[in-house]
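Single-structure report; data block below.
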Amino acid sequence: MSILIINQGRYLGHWVTALTERRPGLDVRVYPDAGSPDEIEFALAWNHPLGAFKEFPNLKCIASTGAGVDHILRDPELPAQVQVTRIVDDNLTQDMATFVVAQVLNHMRDLHGYKAAQNTSSWKQKRYLRTQDVTIGVMGMGVLGSHTALQLSQLGFKVLGWSRSAKLLEGIGAYAGPEELDAFLSSSNILICLLPLTKETANILNKQTFEKLPQDAFVINVARGEHLVEEDLIEMLDKGHLSGASLDVFRTEPLPEEHPFWSHPKINVTPHIASVTDPASAVSQVLENYDRLRNGEDLLNLVSRTKGY
Ligand code: NDP
Ligand code: OXD
């Protein structure tokens, strides 16, 4: 059995190195040089060309090289029998929490604003937010959201979490389902999106959602660009209801040069780096699943194709 890597633009070489160093002699193939299609049962994927998987009649498992699997499940020709797995990794989890904490603290002290002021030699002191002034709402209380929420809570923030099923974590207010969304939003001065992209969550960061947030709320989207209705964000920022946004993910990546987000004074843009899988750290779980598949055992970090995450 071999591992086929189908990876457009993300650390391809690092994955090849990690797999072959960890398991010398492993038959690693890189798409489109897949060899005989019948021999491929296990694929490691990120942003594959849609339709590519149907070329492999014996494919049994597609492992995402990241936490998200929307890039795999969006393929209308995804073979029905294939199991999909994702990465759950301590580094990935901790890196996300660190990034979100950095964005929260930056916002509270307006450090981006002072950097802009420095560019015009402008000395202007502004009021700032304190921990006790801010309630943070985390949408998506899975592996990344729960850890991020707990880290923020340990820093002294009041933190609320919203998910499909309520997550009872010490010190975190639990909200669940569409019926509790409004109550969750109405208390969230900083809204963090850590939802998976599914039919239910697409476009969830829209005007109606933003209107339910308190005046001057701040939005951090580190999940997927398709969660955000871009023109609604700009409208709510320009109207002054939202005070700003930090965006790490976009509908089109790389973010096109002419996109208004680049120059909007209230938007901070980062290039999808909130938390990046380190192949050296995540390779062992990929190989573990490869072995499990060969031995007919249950796979780790399996995704529900019905739920979409
Ligand atoms: P998980 O699958 O562990 O968690 C998903 C959470 O979202 C769960 O709490 C789930 O609820 C909740 N959820 C799903 N659907 C709904 C819904 N319709 N309404 C309310 N809550 C819902 O995912 P992770 O925490 O591992 O990752 C989250 C996302 O972060 C990834 O899918 C990916 O898109 C993004 N990501 C971004 C990165 C970046 O660098 N910007 C890096 C890594 C990931 P329940 O618990 O009840 O099932
Ligand atoms: C992921 C990502 O899903 O990097 O892991 O976006």
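The values are calculated or read from the model by the stated rules, or taken from the named source; none is laboratory data. Worth saying up front: this structure is predicted, and the values here are computed from it rather than measured. Positions of Cβ are backbone-derived with ideal geometry, glycine not excepted, and every protein chain shown enters the neighbour counts.
Tabulated data
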| item | result |
| --- | --- |
| Qualifying residue in segment 51-66 (condition: in a loop (DSSP other than H, G, I, E, B), charged (D, E, K, R) and either out of contact with any His (no Cβ under 7 Å at 6 or more places or on another chain) or at pLDDT 95 or above (or both)) | yes |
| Residues that are among the acidic types (Asp, Glu) and under 14 Å from the mean Cα position of the chain (by Cα), drawn from segment 40-76 | Asp70 |
| Candidates Gly140, Gly145 - the one that is in contact with a Gly (Cβ under 7 Å, 6 or more places away or on another chain) and either within 16 Å of ligand 2 (Cβ to nearest atom) or basic (Lys, Arg) (or both) | Gly145 |
| Qualifying positions in segment 160-172 - small (Gly, Ala, Ser), surrounded by fewer than 18 Cβ atoms within 10 Å (Cβ to Cβ) and within 12 Å of Leu150 (Cα to Cα) | Gly171 |
| Residue ID - farthest from the chain's Cα centre (by Cα), chosen from residues in segment 265-300 that are more than 16 Å from ligand 2 (Cβ to nearest atom) and over 16 Å from Thr85 (Cα atoms) | Asn295 |
| Looking only at segment 53-74, and only at residues there that are more than 22 Å from Asp291 (Cβ to Cβ) and crowded, with 18+ Cβ neighbours inside 10 Å, the one that is nearest to ligand 2 (Cβ to nearest atom) | Gly68 |
| Members of segment 169-199 found to be without any contact (Cβ under 8 Å) to a residue 12 or more places away in the chain and within 13 Å of Met139 (Cα to Cα), listed by number | Pro178, Ala183 |
| Single residue of segment 216-229 satisfying the filter (charged (D, E, K, R) and within 16 Å of ligand 2 (Cβ to nearest atom)) that is surrounded by the most Cβ atoms within 10 Å (Cβ to Cβ) | Arg224 |
| Near pairs, Cβ below 7 angstrom, 6+ apart or cross-chain, from segment 124-146 (over 14 Å from Lys158 (Cα atoms) and in the same structural domain as Arg224 (by TED's automatic domain parsing)) to any residue that is more than 16 Å from ligand 1 (Cβ to nearest atom) and charged (D, E, K, R) | Lys126/Asp110; Tyr128/Arg109; Tyr128/Asp110 |
| Checklist (1) touching a helix residue (DSSP H, G or I) at 6+ places or on another chain (Cβ under 8 Å); (2) closer than 26 Å to Arg305 by Cβ applied to Gln151, failing item | (2) |
| Single residue of Gln118, Gln94 found to be under 30 Å from Val219 (Cα atoms) and away from ligand 2 (no atom under 16 Å from the Cβ) | Gln118 |
| Residues located in segment 255-285, provided they are aliphatic (A, V, I, L, M), outside any loop (DSSP other than H, G, I, E, B), within 22 Å of Arg224 (Cβ to Cβ) and touching a residue at least 60 places away in the same chain (Cβ under 8 Å) | Ala282 |
| Top-ranked residue in segment 183-201 [being more than 13 Å from ligand 1 (Cβ to nearest atom) and polar (S, T, N, Q); ranked as surrounded by the fewest Cβ atoms within 10 Å (Cβ to Cβ)] | Ser186 |
| Any chance Leu300 is crowded, with 18+ Cβ neighbours inside 10 Å, aliphatic (A, V, I, L, M) and outside the structural domain of Val82 (by TED's automatic domain parsing) | no |
| Residue identified as within 16 Å of ligand 2 (Cβ to nearest atom) and outside the structural domain of Arg10 (by TED's automatic domain parsing) among Leu255, Leu233, Leu213, Leu242 | Leu255 |
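Results for (1) assigned to a strand (DSSP E or B); (2) over 29 Å from Ser304 (Cβ atoms); (3) in contact with a strand residue (DSSP E or B) (Cβ under 8 Å, 6 or more places away or on another chain), shown as yes or no for each residue.
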position	(1), (2), (3)
Thr198	no, no, no
Glu211	no, yes, no
Pro214	no, yes, no
Ile220	yes, no, yes
Ala223	no, no, yes
Glu226	no, no, no
Asp232	no, yes, yes
Leu237	no, yes, yes
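Condition check ((1) among the charged types (D, E, K, R); (2) part of a loop (DSSP other than H, G, I, E, B); (3) within 11 Å of ligand 1 (Cβ to nearest atom)) across all residues:
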position	(1), (2), (3)
His107	no, no, no
Gln125	no, yes, no
Thr148	no, no, yes
Trp162	no, no, yes
Gly173	no, no, no
Leu181	no, no, yes
